[in-house]
Ligand code: SAH
C-alpha cells in the first residue's frame, strides 16, 4: 500500500472527526463505543486509491464489482442498532473492502465476515493485514446461509438487502442476540430491520430507516430473475 506523508494522514484524521460530528452525532447516533470506532478507523484506506479524497463525504462510494462502501452515517446507525457492549462475537454478511467489519471489530471481540466476490475479499484481507486488524476472519461464500461453523452469534449484520431476513441467519443468533439488515424491494426502497431472538423460535422484528442497498445474492437473496422484475 502506498505510504502517505504525515500531513496528508492528519488531514484525513481531521476530516474523519468532522464526519463524526456533522454527519453522525448531528443525526442522533449516541453510542460512545460506535462513535469512538468511527473516529479511529481510517475509512480512506478501505476504498480504491482513486476514491480516497472522497472517503469522508456524506455518501456511499463505489468499490468495484458493482458494489459500494456504505455512507458513513448508515454504517454508524446499523452498528448502533446491534447494541454491542464489548466482547461479542459478530457475523457480517457482505465484507466488501472491509470498512464495516473494521468498525465492528473495535467494539466486538471477534468479527466473522463473509463476501461473495473473491476479488473483494482478497483486497479486504490485504487491508486488514496492513492495518493489523487481528480479530476479523473472512470467508468467500454465500453469506445468506450464514457461517454455521462459528455460530451462534451475539450480533449479525448484513450490508446487502434481501427480500426478507434469511432463516439460517435467524437460526445462527444466540438467545438475546440481534440481527440488523435492510430488507424490501430489489433495488430501491428497503428498510433497515432489527430481529431480536427471544428464545429458540421466538423472534421480535422492529423497523427503522428507509434505505437503498445493493442486493443480497445467494440462496436466500435475490435470484437472477429479479433483474427482469426490476
Ligand atoms: N460491508 C461493506 C459494504 C459492502 S456492499 C462496507 O463496509 O463497505 C455489500 C456487499 O455484499 C458486496 O460486496 C456484495 O458482494 C456482498 N454480498 C451480496 N450478497 C452476498 C452474499 N449472499 N454473501 C456474501 N456477500 C454478499
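Once the C-beta distance of residue 149 and residue 122 is scaled by a Förster radius of 25 Å, the resulting FRET efficiency is 0.75 to the nearest 0.05. An ellipsoid equivalent to the chain, defined through the eigenvalues of its Cα gyration tensor, has semi-axes of 27, 20, 18 Å when rounded to whole angstrom and sorted largest first. GNM on the chain, alpha-carbon springs under 10 angstrom: the most fluctuating residue among 30, 89, 139 is 30. For region 129-182, the spherically averaged projection of the C-alpha convex hull amounts to 4.5 nm².
The alpha carbon radius of gyration of region 31-131, expressed as a multiple of 2.2 N^0.38 Å, is 1.00. With the simple spin-label model, which puts each label point 7 Å out from Cα in the Cβ direction, the residue 204 to residue 185 separation comes to 3.1 nm. Applying 1/(1 + (r/R0)^6) with R0 = 25 Å to the Cβ-Cβ distance of residue 50 and residue 212 gives a FRET efficiency near 0.60.
For region 110-230, the gyration tensor built on C-alpha atoms gives an oblate shape. Its axis ratio a/c (a ≥ b ≥ c) is at least 1.5, and a/b is not larger than b/c.
Any read-out appearing in this document is the output of simple, stated calculations on the displayed coordinates, not a laboratory observation. Treat the numbers as computed from the prediction; the structure is a model and nothing was measured. All Cβ positions, glycine included, derive from the backbone under ideal geometry; neighbour counts span all protein chains shown.
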